[in-house]
Amino acid sequence: MPAMTRRAFLSAASASAGGGLVVLACGAAEASAAVPLRGRPRRPRVYNRTEWGAAPPKSKADVVGHAPDRLVVHHTATANTDDCDLDAAFRLSRSIQRYHMGHNGWEDIGEQFTVSRGGHIMEGRNRTLPALAAGGLAVGAQAADHNDHTLGIETEGTYMTELPPAAQLGSLTALLAWLCACYRLDPEQAIVGHRDLNRTSCPGDRLYDYLPRLRDDVARRLGRRPTRLAEPEAPRLALPPAPPPEAIRPYEHGPAVGPRDRAARAAGLAP
């Protein structure tokens, strides 16, 4: 896989180093016009790792010099809380990071972005925003055996029987539209659920059933007419039945690291 040049990465890192509104240029990703866009979605407010108080990672994330081809929607398998303010969102990211690093033994938080119940968007895996600005991908730990070509978004809550609140869905839609614009992805092809890649009930039955509507809403933000394909051309694996909802535990929503990822770790590319 091609690596980002040092100049491209340092330029991207400089663009996202400070706090406040993230206004990253999409860099190299915009130059490869695989999908024509008539609209330019507004960049959403993304809180970086410094803002939410991330702990230092055990090691820097591996950055590959290509865009992801799938944007994976997850739910966190946590309570559908009414505590929706910014402090609650920051506590969520810190809790996920502690679980991933302490319980799972990972190098850092697994996913690249988290969207809270209140609609707040946080950067996840270290180097995510600089990599995005340069058209690359900070490899995470969120979809087993697919981490080197996918980007993961955690949606706070458990969505087996209900949908996320309107603010959360709005932010999720805005984030996905921005990512599709930056990476020149077709939302009908790119936006998938965790269960499309691994044996899991994630992102919940209701949220998974909502994905066609989500793809359409993202397409509209990109200035494109939704195609509403019967089946998007996303990876569909012959998976055993997902575990029952009662087996879900907080922060445990399906396989995140697999044999391919462990082989990469042995080669020095740790998840």
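The table for this structure:
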quantity	calculated
Pairwise label distance in nanometres, Arg225 with Asp87, each label 7 Å out on the Cα-Cβ vector	5.0 nm
FRET efficiency, 1/(1 + (r/R0)^6) with R0 25 Å, evaluated for Thr50 and Ser95 via beta carbons	0.90
Inter-label distance, nm, simple model (7 Å from Cα along the C-beta direction), Asn80/Arg42	2.8 nm
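None of the figures in this text is laboratory data; all of them are computed from the coordinates on show. Everything numeric in this text was worked out from a predicted model, so none of it was measured. FYI the Cβ positions are ideal-geometry reconstructions off the backbone, even for glycines, and counts take in every protein chain you see.
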